[in-house]
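Everything below concerns the one structure shown next.
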There are 2 protein chains.
Amino acid sequence: MKAINEELTFYDTASPTLRDGEVLVKVAAAGVNRGDLMQAAGKYPPPKGESEIMGLECAGVIADPGATDREQGQEVGCLLAGGGYAEYVAVPEGQLTPIPEGLTVEETAGVVEVACTVWSNLGMVAGIQEGDRVLIHGGSGGIGSFAIQMCKAMGCEVAVTAGSQEKLEYCRELGADVLINYKEQDFAEELPEWSDTILDVVGGPYLEQNIKALNTDGHLIVIAVQGGPKGTLSLGRMMPRRLSVHATTLRARPRPMKAAIVASTVEHVWPLIEAGKITPNISARFPLADAKKAHEHLDSGANTGKILLVVS
Amino acid sequence: MKAINEELTFYDTASPTLRDGEVLVKVAAAGVNRGDLMQAAGKYPPPKGESEIMGLECAGVIADPGATDREQGQEVGCLLAGGGYAEYVAVPEGQLTPIPEGLTVEETAGVVEVACTVWSNLGMVAGIQEGDRVLIHGGSGGIGSFAIQMCKAMGCEVAVTAGSQEKLEYCRELGADVLINYKEQDFAEELPEWSDTILDVVGGPYLEQNIKALNTDGHLIVIAVQGGPKGTLSLGRMMPRRLSVHATTLRARPRPMKAAIVASTVEHVWPLIEAGKITPNISARFPLADAKKAHEHLDSGANTGKILLVVS
């Protein structure tokens with residue numbers, strides 16, 4: 001089969017063989033994520049024992065159900081530890097999702113990873129509820145734009161940061177209530193002790209401001225450290241307000257934990273997608289052979305939606 | 001009535017008047033806590049609207065049940081936001097505990113605050129389970145010695161740090177499995193990625209080592225910052241292991257939250273006390289009038305047990 005390796009080369013390789021509990025999926029399309037850029041840069045290796053082929057999410061049809069009760073031909077979305085940039089991929093059954101009603105198989109390829117990332121953190125770690133105030137950094141990115149829609153659909157008040165008026169306007173269209181241009185404003189001064197939950201991708205440089213921006217019993221969840229891995233933490237400020245800092249990644253989790261996340265995401269988030277409250281925004285499509293171009297497009301920072309590799 | 005103010009003066013003042021949901025307790029004894037030392041030093045003011053009289057825990061008998069269904073003469077333990085260093089104290093009903101079977105009223109006065117502090121953090125925040133590995137800093141102190149016994153009673157493996165062989169030997173007698181003299185050993189090098197939960201009272205200076213010492217999905221809980229309020233946090237190290245940092249205090253919590261903590265503590269910890277698995281160690285008793293001497297005794301760092309003020 002054809003696939004894309006970490007050098008982003010389009011090459012021929014053997015189709016994957018199935019291990020216990022896995023099904024073989026014929027890939028229709030794969031989503032391109034920031035984690036893929038990091039992996040291609042040598043900074044985000046796949047977990048031990050997982051595919052060396054690129055790709056953290058895809059959708060397609062089951063070509064071989066293996067020893068599971070699944071049926072050949074069933075359309076599925078797939079959360080992957082790797083292997084999505086290929087014609088075929090082996091997927092643990094617990095990491096399969098249905099295709100949400102109203103979405104195409106191709107669109108589903110761009111939804112699985114972001115939905116599981118956002119729900120596992122905001123829903124399962126922070127436990128956001130109707131009426132909560134959520135601050136989302138990088139609101140116009142793939143994670144941010146999904147998180148805005150999900151939080152609004154759940155009845156939260158949403159503040160976002162972004163680096164231009166254009167990106168902030170896009171966040172407003174998605175439902176954001178409070179818009180902060182981080183190049184002109186200090187979010188901790190604008191929203192002191194405001195946020196019940198903060199979803200952060202900046203990391204170290206934002207740590208002190210994030211603590212100032214948290215409300216009593218608030219949660220800071222860091223899912224990327226694009227600004228740097230280390231920062232100063234004021235435990236003294238955290239204690240009287242009982243704050244928590246969580247840092248997570250999705251990819252490194254063991255399979256049973258991923259299966260639990262996929263099940264909870266399908267239970268809580270798929271209905272919001274099917275009700276039209278969260279709309280995937282596919283902004284660009286590239287053929288699988290052009291993965292390198294797709295990566296360059298994401299890396300340029302120009303796009304405000306999801307980039308797909310179309311396979312079949 | 002007689003009471004002790006923040007200057008540690010023994011003085012005459014009016015008995016407290018009851019507010020909604022409060023009972024009046026005639027104090028038999030009050031526990032002396034590190035928080036009291038901080039308050040007397042002007043660094044830990046009582047929450048708004050709470051008593052200016054010292055004292056975070058006591059036990060005694062109900063002198064006036066107010067509008068509650070309690071009975072006059074009932075013996076109770078009391079978790080307080082203040083007011084325990086006195087002949088009478090007004091206590092929200094939700095902050096009353098029964099006297100554990102096998103303990104005297106006086107002994108109960110030295111158990112309530114520490115039990116609620118340890119359980120609310122290790123049980124309710126970290127969710128420790130049988131088989132978990134727990135690292136307790138300052139193992140020979142009031143919090144530490146209670147936490148060692150509770151964790152062992154729950155089937156956890158327990159490591160402790162302390163500053164002398166004598167203190168470590170005391171921790172071993174309480175059940176600690178792994179003993180670390182922090183003056184001679186680096187706990188993060190001794191126990192890398194070992195701890196499912198860490199209970200810390202040092203704060204900033206231990207933050208980087210605590211992160212190194214946490215196991216995957218581990219929780220660091222900081223309940224005091226005796227070494228300093230700020231430290232360096234490596235979010236990059238936290239992400240792949242999905243670590244959390246929590247910082248809490250008990251005193252600042254609103255009354256309904258305190259009531260929930262007291263209820264959960266009585267449900268989960270009182271049976272361990274009644275089964276003899278957690279034994280309070282009362283090391284010194286002072287009359288109420290000698291509160292200043294009791295504080296000096298705690299501040300000297302020489303004692304390894306609980307200090308009580310005996311009132312009636």
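The values are calculated or read from the model by the stated rules, or taken from the named source; none is laboratory data. Every value quoted in this text rests on a predicted model; they were computed, and no experiment measured them. Virtual Cβ from ideal backbone geometry, glycine too; neighbours counted across all protein chains shown. Just so you know, the surface numbers come from the protein's heavy atoms only, side chains and all, with ligands and any DNA or RNA stripped out. Shrake-Rupley method; radii C 1.70, N 1.55, O 1.52, S 1.80 Å.
Checking the table B:K2/B:K43; A:K212/B:K230; B:K2/B:K26 against a 18 Å threshold on Cα-Cα, which pairs fail? Numbers along the way, then the final one.
Details: B:K2/B:K43 24 Å; A:K212/B:K230 14 Å; B:K2/B:K26 12 Å.
Cα-Cα > 18 Å for B:K2/B:K43; rest within.
Using a simple spin-label model with points 7 Å from Cα along the Cα→Cβ vector, what separation in nm is obtained for B:H268 and A:S15?
Calculated label separation equals 5.1 nm.
Gap in Å between the Cα centre of the range A:205-232 and the Cα centre of the range A:233-256?
Comparing the Cα centres of the range A:233-256 and the range A:205-232, I get a distance of 9 Å.
If you filter the range A:18-82 for trypsin sites (Lys or Arg not before Pro), then keep DSSP loop positions with at most 13 other Cβ within 10 Å, what is left?
Values: sites: A:R19, A:K26, A:R34, A:K43, A:K48, A:R70; in loops: A:R19, A:K43, A:K48, A:R70.
Answer by residue number: A:R19, A:K43, A:K48.
Taking C-beta distances below 4.7 angstrom as the pairing criterion, name the unpartnered cysteines of chain A, in sequence order.
Cys with no partner Cβ under 4.7 Å: A:C58, A:C78, A:C116, A:C171.
Could you give the distance between the Cα centres of the range A:43-63 and the range B:1-78, to the whole Å?
The range A:43-63 and the range B:1-78 have Cα centres spaced 61 Å from each other.
For the pair B:M38 and B:Q74, how long in nm is the line joining their label points, each one 7 Å along Cα→Cβ?
Distance between label points: 3.1 nm.
If one takes the longest principal axis of the Cα atoms in chain B, at what angle in degrees, from 0 to 90 and to the nearest 10, does the Cα axis of helix B:165-174 lie?
Roughly 70 degrees between the two axes.
Using only helices, what value at 222 nm comes out for the protein assembly as shown when you add -39,500 (n - 2.57) per DSSP H run of length 4 or more and divide by the total residues, to the nearest 500 deg cm²/dmol? Walk me through the numbers before you get to the answer.
On the way: 22 runs with 174 residues, N = 624.
Calculated at 222 nm, the ellipticity per residue is -7500 deg cm²/dmol.
If you take the beta carbon distance between A:R285 and A:E184 as r and set R0 to 30 Å, what does 1/(1 + (r/R0)^6) give as a FRET efficiency, to the nearest 0.05? Mind showing how you got there, number by number?
Values: r = 34 Å, r/R0 = 1.15.
With R0 = 30 Å, the Cβ-Cβ based efficiency is 0.30.
How many square angstrom of accessible surface are buried between A and B, both sides summed, with a 1.4 Å probe and rounding to 100?
Values: alone 13530 and 13510 Å², together 24590 Å².
The contact between B and A buries close to 2400 Å².
How much of the accessible area of the range A:115-247, probe 1.4 Å, is carbon plus sulfur, in whole percent? All intermediate terms of the calculation are to be shown ahead of the outcome.
On the way: 2000 of 4640 Å².
The computed percentage sits at 43.
Any chance you could check the Cα centroid distance between the range B:105-150 and the range A:100-174 for me, in angstrom?
The range B:105-150 and the range A:100-174 have Cα centres separated by 39 Å.
What is the sum of charges, Lys and Arg at +1 and Asp and Glu at -1, for the other residues whose Cβ falls under 14 Å from the Cβ of B:A67? Before the final figure, lay out each step's value.
Numbers: positive: B:R19, B:R70; negative: B:D20, B:E22, B:D64, B:D69, B:E71, B:E93.
Around B:A67, the charge tally is -4.
Considering the alpha-carbon set of the range A:168-306 alone, what are its Rg and its Dmax in angstrom?
17.9, 55
Kirkwood Rh over alpha-carbon pairs of the range A:115-247, then Stokes-Einstein at 20 °C and 1.002 mPa s: what D in µm² s⁻¹, rounded to an integer? Write out the running numbers ahead of the final one.
Values: Rh = 14.3 Å.
The calculation lands on 150 µm²/s.
Can you pull out the GluC sites (Glu not before Pro) in the range B:128-168 that DSSP calls coil and that have at most 10 other Cβ atoms within 10 Å? Display every interim value, and only then the final one.
Numbers: sites: B:E130, B:E157, B:E166; in loops: B:E130.
In loop regions of the range B:128-168 (DSSP not H, G, I, E or B), the sparsely surrounded GluC sites (Glu not before Pro) are B:E130.
Counting heavy atoms of the protein chains only and a 1.4 Å probe, report the per residue accessible area for the protein assembly as shown as a whole number of Å².
Normalised by residue count, the accessible surface of the protein assembly as shown is 39 Å².
Which whole-percent values make up P(r) of chain A when all C-alpha to C-alpha distances are grouped in 20 Å steps starting at zero?
34, 56, 9
Of all trypsin sites (Lys or Arg not before Pro) in the range A:275-312, which ones are in loop regions per DSSP and have a Cβ with at most 13 other Cβ atoms within 10 Å? Show your work: numbers first, answer last.
Values: sites: A:K277, A:R285, A:K292, A:K293, A:K306; in loops: A:K277.
Listed in order of number, the matching sites amount to none.
In angstroms, what radius of gyration and Dmax does the range B:18-174 have, counting Cα atoms only?
Over the range B:18-174's Cα set, Rg and Dmax evaluate to 17.0, 52 Å.
Taking the Cβ of B:A260 as the centre, find all other residues whose Cβ is under 11 Å away and add up their charges (Lys, Arg: +1; Asp, Glu: -1).
Values: positive: B:R253, B:R255, B:K258; negative: B:E267.
Once all neighbours under 11 Å are counted, the net charge is +2.
Share of antiparallel DSSP beta bridges in chain B, in percent to the nearest 5? The partial results should precede the final answer.
Values: 26 of 53 bridges.
Looking only at bridges with both residues in chain B, the antiparallel portion is about 50 percent.
Can you compute the modelled spin-label distance between B:N5 and B:E169, with each label point 7 Å from Cα toward Cβ, in nm?
4.5 nm
When DSSP assigns beta bridges and you keep just the ones with both residues in the protein assembly as shown, what percent turn out antiparallel, to the nearest 5? Present the calculation step by step, with values, prior to reporting the outcome.
Details: 60 of 114 bridges.
Here the share of antiparallel DSSP bridges comes out near 55 percent.
Scale the Cα Rg of the protein assembly as shown by the rule-of-thumb value 2.2 N^0.38 Å and send over the ratio, two decimals. Show your work: numbers first, answer last.
Working: Rg = 27.9 Å, N = 624, 2.2 N^0.38 = 25.4 Å.
The value comes to 1.10.
What net charge do the residues around A:L272 carry, taking every other residue with its C-beta under 15 Å from that of A:L272, with Lys and Arg at +1 and Asp and Glu at -1?
On the way: positive: A:K152, A:K277; negative: A:E101, A:E107, A:E130, A:E267, A:E274.
With Lys, Arg at +1 and Asp, Glu at -1, the neighbours total -3.
Report, to two decimal places, the Cα Rg of the range B:13-81 normalised by 2.2 N^0.38 Å (N = number of residues). List each step's numbers first, then the result.
Working: Rg = 13.0 Å, N = 69, 2.2 N^0.38 = 11.0 Å.
Normalised by 2.2 N^0.38 Å, the Cα Rg of the range B:13-81 equals 1.18.
Using the 7 Å Cα-to-Cβ label point, sort the distances from A:E52 to its equivalents in the other copies shortest first and give them in nm to one decimal.
The projected label point of A:E52 is separated from its counterparts by 7.4 nm.
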